[in-house]
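The values are calculated or read from the model by the stated rules, or taken from the named source; none is laboratory data. Only a predicted model underlies this, so the values are computations on that prediction, with no experimental measurement involved. FYI the Cβ positions are ideal-geometry reconstructions off the backbone, even for glycines, and counts take in every protein chain you see. SASA here: full protein model, heavy atoms, side chains in, ligands and nucleic acids out. Shrake-Rupley method; radii C 1.70, N 1.55, O 1.52, S 1.80 Å.
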Amino acid sequence: MEAGTDEQMSVREDVQAFLQRAGSMFVDGKWVDSSSGKRFKTLDPATGEILAEVAEGDAEDINRAVKAARTAFENPAWRRMPPAQRERLVRKLAQLMEDNIDELAELETLDSGKPVNASRYVDLPLTIDTYNYYAGFPTKLEGDVLPHGCPYTPDDRYFSYTLREPVGVVGMILPWNFPLLLLSMKLGPALATGCTCVIKPAEDTPLTTLRLGELIQEAGIPDGVVNIVPGYGETAGAALAAHPDVDKCAFTGSTEVGKSIVTSATGNLKNLTLELGGKAANLVLEDADVEAAVNGAAMAIYTNQGEICCAGSRLYVHRNLFDAVVEGIVDLSSKLQVGPGIDPATEMGPLISQAQLDRVSGYVNLGQREGAEVLIGGCRKGEQGFFYEPTVMVNTNNHMRVVREEIFGPVLSVMPFDSLDDVINEANDSIYGLSAGVWTRDISKAHEVSARLQAGTVWVNCFHIFDATQPFGGYKQSGWGREWGRAALEHYTETKSVCIKL
Ligand code: NAD
Ligand code: MN
């Protein structure tokens, strides 16, 4: 990026200053080293160079953090905090993020690769909205007075009501694709309901979560309510998922690891919410607005380099529109600005890591061996960093692994269809069910198709439109439970029935 204005310069200085001081983990309100003294490196995926070295937590650090979270959960300062005061604290955190939005956006981009305009104008506003949305709930978490009448003690009268209580200590395990946003979907409801937590950020992207830890302190959230332990999945993550004193685990990541979390959770039968993989079908019906569908379908796959669980990676187009839609998407793909996320002109950044680059190119090669034709892309871009070209494949079908499995990269399969029944069957023929899209000008078809698609979110004439009010989560192997909206609060509270004989 060019030298830029004074304001940009000072943001850059803030980011550099944080990279210098980052490195510790956040346990019980203190910044401490890992108990082993080990550290690990986090990279800038645009260059492959080291950004910072961060404390590497393991099972012992998870133990310390869970103890702190348990003590904070029992502490009346948090437990009995007046709801209006809890609201102010969560709002204060949202305000501090707003005050530091440029720094957080730049740090998110450096650590994860995504375009800085996406960090600054999508991820961060949505994250801040999410905290503000949940900040409103502490004063509104009401129970019910029940019209109780016990059938076998008809002569007695009872007063019976429900209380909504926090579920307890929550373990949060995060992926690298939307570090701050996916955390807000867990931490927002946790703080609003009076839970405490231990956060295990992804090993590729610990930095913004650690910076958030500083803001959590500055907001005045009591020590031990939020603990952050960076580290690897097999060590820190597995210890958190299996910990007997963790009441709930909120996980976002791959379906494979999600299944291992289910197994780990059986020891104390902890509550789980799981946001897992996806392979979204995007349907362009015969009467669609072709230009809107082309733009929307390209955005559906290329947003966040395709590293988004709800990516529209399977595009089904009515045969009469097939050639026009394919041509339009190939044209847009050829014009997409791929480059370092920190450059404001960039529309698509690098993939997160060498491993992800290998995974994506491996899938495209596999698709070609299975008979797919690559119309554009299909290669790594450049030699520095982990860039991959926007890629469009045709001659694919539902039997091929590239259509069945999640690639998690900028790779689209486009397939023609003839009838609505056929395409709905094909769309639903997946182990996943996170999201889907429909492009049509027929209002009846929009409702009908939305009802018949097995997906937690259906977008009609749009894609990747999110809001804190709108529950998000998966059918089938895309997960358990919902984040966002009131639906999420159910997963962070226990309902207690109290029955008093009068
Ligand atoms: P991942 O499952 O490998 O890792 C996610 C997190 O789990 C990381 O913090 C990792 O350290 C941790 N982890 C790994 N092994 C673990 C174990 N054995 N026990 C406990 N924790 C462990 O996923 P990823 O590569 O970081 O992210 C990509 C995947 O995440 C994709 O499949 C994508 O679909 C999914 N994802 C889903 C959503 C959603 O909302 N549904 C959002 C983002 C990403
Ligand atoms: Mn990184």
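Residue count for the stretch 203-212, restricted to those that are in contact with a Ser or Thr (Cβ under 9 Å, 6 or more places away or on another chain) and either open to solvent by 10 Å² or more (accessible area, probe 1.4 Å) or closer than 22 Å to Pro244 by Cα (or both): 2. One residue stands out in the stretch 170-213 among those that are in contact with a strand residue (DSSP E or B) (Cβ under 8 Å, 6 or more places away or on another chain) and free of Cβ contacts under 8 Å to residues at least 60 places away in the same chain: the one that is nearest to Gln356 (Cα to Cα), namely Pro201. Could you tell me which residue of the stretch 1-58 is farthest from Glu103 (Cα to Cα), considering only residues that are assigned to a loop (DSSP other than H, G, I, E, B) and of a type in the set (Asp, Glu)? Looking at residues that are assigned to a loop (DSSP other than H, G, I, E, B) and of a type in the set (Asp, Glu), I get Asp58. If you go through the stretch 40-55 and keep only what is open to solvent by 30 Å² or more (accessible area, probe 1.4 Å), closer than 26 Å to Cys197 by Cβ and away from ligand 1 (no atom under 16 Å from the Cβ), you end up with Leu51, Glu53. Against the definition (of a type in the set (Ser, Thr, Tyr) and either surrounded by fewer than 23 Cβ atoms within 10 Å (Cβ to Cβ) or within 16 Å of ligand 2 (Cβ to nearest atom) (or both)), how does Thr235 come out, yes or no? Yes.
Condition check: touching a residue at least 24 places away in the same chain (Cβ under 8 Å) and open to solvent by less than 10 Å² (accessible area, probe 1.4 Å). Does Thr469 satisfy that? Criteria not met by Thr469. Here Val145 does not qualify as surrounded by fewer than 22 Cβ atoms within 10 Å (Cβ to Cβ), farther than 19 Å from Asn227 by Cβ and within 16 Å of ligand 1 (Cβ to nearest atom). Among the residues examined, Val392 does not qualify as modelled with pLDDT of 95 or more, open to solvent by less than 20 Å² (accessible area, probe 1.4 Å) and not in a strand (DSSP E or B).
Which one is surrounded by the most Cβ atoms within 10 Å (Cβ to Cβ) among residues in the stretch 409-445 that are out of contact with any Phe, Trp or Tyr (no Cβ under 8 Å at 6 or more places or on another chain) and assigned to a loop (DSSP other than H, G, I, E, B)? It comes out as Ser430. Only one entry in Ile465, Ile431 is β-branched (Val, Ile, Thr) and within 18 Å of the chain's Cα centre (by Cα), namely Ile465. Checked against the criterion of being hydrophobic (A, V, I, L, M, F, W, C), surrounded by 12 or more Cβ atoms within 10 Å (Cβ to Cβ), within 16 Å of ligand 2 (Cβ to nearest atom) and in a helix (DSSP H, G or I), the candidates Leu93, Leu110, Leu89 yield just one match: Leu110.
Taking into account only those residues within the stretch 301-346 that are among the β-branched types (Val, Ile, Thr) and open to solvent by less than 20 Å² (accessible area, probe 1.4 Å), which is farthest from Ala427 (Cα to Cα)? Here the answer is Thr346.
Asp245 satisfies every condition listed in (1) open to solvent by 20 Å² or more (accessible area, probe 1.4 Å); (2) touching a Lys or Arg at 6+ places or on another chain (Cβ under 8 Å); (3) within 16 Å of Tyr131 (Cβ to Cβ) except (3). Within the stretch 191-225, if we keep just the residues that are part of a helix (DSSP H, G or I) and of a type in the set (Asp, Glu), the residue that is farthest from Asp102 (Cα to Cα) turns out to be Glu218. Pick from the stretch 480-493 the residues that are open to solvent by 10 Å² or more (accessible area, probe 1.4 Å) and closer than 28 Å to Asp429 by Cβ: which of them is farthest from ligand 1 (Cβ to nearest atom)? Among those residues, the one meeting the criterion is Ala487.
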